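Below is one structure, written out as structure tokens; comments come after it.
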Amino acid sequence: MRLLSVVLSGGAGSRLWPLSRQAFPKPFMKLGGSTLLQKAVERGQACGIGDVMIVTNKDYVFLTKDVLKQIADPPQATLLLEPKGRNTAPAIILAALQCQRQIGGDTVMLVLSADHLVPDVEAFVASASQAFRLASQGALVVFGVTPTSPDTGYGYVEVANASRESQPVRRFIEKPDLQTAQDFLATGRYYWNSGMFCFTADAIIAAFDTHAPDVLAAARRAMDTSRMVDEAIQFDAHTFGLQPDISIDYAVMERADNVQVVPAKFAWSDVGTWPSVAKAHPSDSSGNTMPPDSVAIDTTGTHAHVESHGPKLVATLGIHDLVIVDTPDALLVAHKSSAQDVKKIIEALKARNHEAINLPATVHRPWGTYASLKEEHGYKVKRITVKPGQSLSLQYHHHRAEHWVVVQGAAMVQIGDAEYQTMPGEYRYIPLKEKHRLTNIGEDELVLVEVQCGTYLGEDDIVRLADTYGRA
């Protein structure tokens, strides 16, 4: 039996703002020392699957490759790079078409989401093995999770009577209201729809052909105009955008008559809200999930997460059931009961055209990262990191000069037509409108402190003359 993991790695995770941003979404958040995307890939590996296909936005290709490098035994990975989001049905059928072409139509595809948390991997493998068997016999399999509460944030799957054995699905139900969710919980006939699936490439393509031929036809056109570059499928933006924006549930699963549910023998969370993130952390005797050195007095049920450019002590007094998320550029304080409504903050920020919904405090680029440490009128201080062997673009600025101090690693600094090897503690000055470039010539990460001085310090004051990553 040939197996393939297909990991869907998209979505902004807006309910997890300010940690999750459009340019650094939920799959790249770390829980327990590794990103959710890494955990998803390793979950497939635990099932004995050596190959992975990751469907993600083209803007996340470098973030994704960085995650794959962190895996102890990196899998053979193919990336499908979406120019824009088109929901789960186009993502899955594109992966199936590529799987059919690249590996074979009888390959069993284990479809996972990059933003789920499954702590018990051994139990997951047991459920996946059951799903593989059913899928190899032609079934379309969905993993169902036994509800532990009347949650209105999940879709549901109805069966004849919930048990530990697989059985046919009667129907799929979208996210219900609270009363309906309570009724579902009382009947014992419903599972949460985990959004994880299993089927052969041939079976899911046939299902699309029967129930969503328009989606299949549009996906075939997108594949016909795609091209493979460095083990990544790149799509024509126009043809890709002609695909319907529709979920796999609406397109196929609700209509097909060969859908089976495999009950999850494992704990599961889509980590969709800050309270669900809190549940993924060990709590103290008062139900708090906070940094180890926090001071919590008369505080219960509170979750605190802090990301800072320097050490920061968290102290709370007389608060209960709150979420506190502090990043260098944004602070969220919310009651846990309002956690589903964090999207309202995003809507308010969008109305103001505020960049805090897009860029995180530490911005990731193909060559490394940058973070703004301090900004006042006339100057800005940044911390810049560059990966070994990587270079920033050859560029100049109309409105600012720059001062560079290397604090770690070895740099080659081009100023005008001259190049200067620059080591820790050494300094270079970049005059206004002078072309310049920074390259890491060492084997370790290069760390640089940059001070910008000028009348305008926006990120758009960059004129690229040459660029390794095609941005010039």
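The values are calculated or read from the model by the stated rules, or taken from the named source; none is laboratory data. Since we're looking at a predicted model, the values are computed, not measured. Virtual Cβ from ideal backbone geometry, glycine too; neighbours counted across all protein chains shown.
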Conditions (1) part of a loop (DSSP other than H, G, I, E, B); (2) of a type in the set (V, I, T); (3) not assigned by TED's automatic domain parsing to the domain that holds K84: number failed by I246:
(3)
Being part of a helix (DSSP H, G or I) and either closer than 25 Å to V215 by Cβ or among the hydrophobic types (A, V, I, L, M, F, W, C) (or both) is the requirement here; does L79 meet it?
no
Can you tell me which residue is surrounded by the most Cβ atoms within 10 Å (Cβ to Cβ) among those in segment 321-339 that are among the small types (G, A, S) and in contact (Cβ under 8 Å) with a residue 40 or more places away in the chain?
A339
Report yes if L4 is free of Cβ contacts under 8 Å to residues at least 40 places away in the same chain and either in a helix (DSSP H, G or I) or more than 15 Å from the chain's Cα centre (by Cα) (or both), otherwise no.
no
Being of a type outside the set (D, E, K, R), touching a helix residue (DSSP H, G or I) at 6+ places or on another chain (Cβ under 8 Å) and not assigned by TED's automatic domain parsing to the domain that holds E307 narrows it down to one of I357, I462, so name that one.
I357
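I'd like to check something: does segment 19-32 contain any residue that is basic (K, R) and free of Cβ contacts under 8 Å to residues at least 24 places away in the same chain?
Taking every residue of segment 19-32 in turn, at least one turns out to be basic (K, R) and free of Cβ contacts under 8 Å to residues at least 24 places away in the same chain.
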G442 versus (1) assigned to a loop (DSSP other than H, G, I, E, B); (2) exposed (fewer than 14 other Cβ atoms within 10 Å of the Cβ); (3) in contact with a Pro (Cβ under 8 Å, 6 or more places away or on another chain): which is the lone unmet condition?
(2)
Which residues, taken from segment 82-119, are assigned to a strand (DSSP E or B) and among the aliphatic types (A, V, I, L, M)?
V108, M109, L110, V111, L112, L117
Given (1) among the basic types (K, R); (2) in contact (Cβ under 8 Å) with a residue 12 or more places away in the chain; (3) in contact with a Lys or Arg (Cβ under 8 Å, 6 or more places away or on another chain), where does K387 come up short, assuming only one miss?
(3)
So R189, is it at pLDDT below 90 and of a type in the set (D, E, K, R)
yes
Go through (1) closer than 30 Å to V125 by Cα; (2) in contact with a strand residue (DSSP E or B) (Cβ under 7 Å, 6 or more places away or on another chain); (3) among the charged types (D, E, K, R) for R255 and report which single condition fails.
(2)
Subset of segment 147-173 (residues that are out of contact with any helix residue (DSSP H, G or I) (no Cβ under 8 Å at 6 or more places or on another chain) and either surrounded by fewer than 17 Cβ atoms within 10 Å (Cβ to Cβ) or not assigned by TED's automatic domain parsing to the domain that holds M253 (or both))
T148, A160, N161, S163, R164, E165, Q167, P168, R170, R171
Considering segment 33-72 alone, what residues qualify as being assigned to a loop (DSSP other than H, G, I, E, B) and either among the acidic types (D, E) or in contact (Cβ under 8 Å) with a residue 12 or more places away in the chain (or both)?
C47, G48, I49, G50, Q70, I71
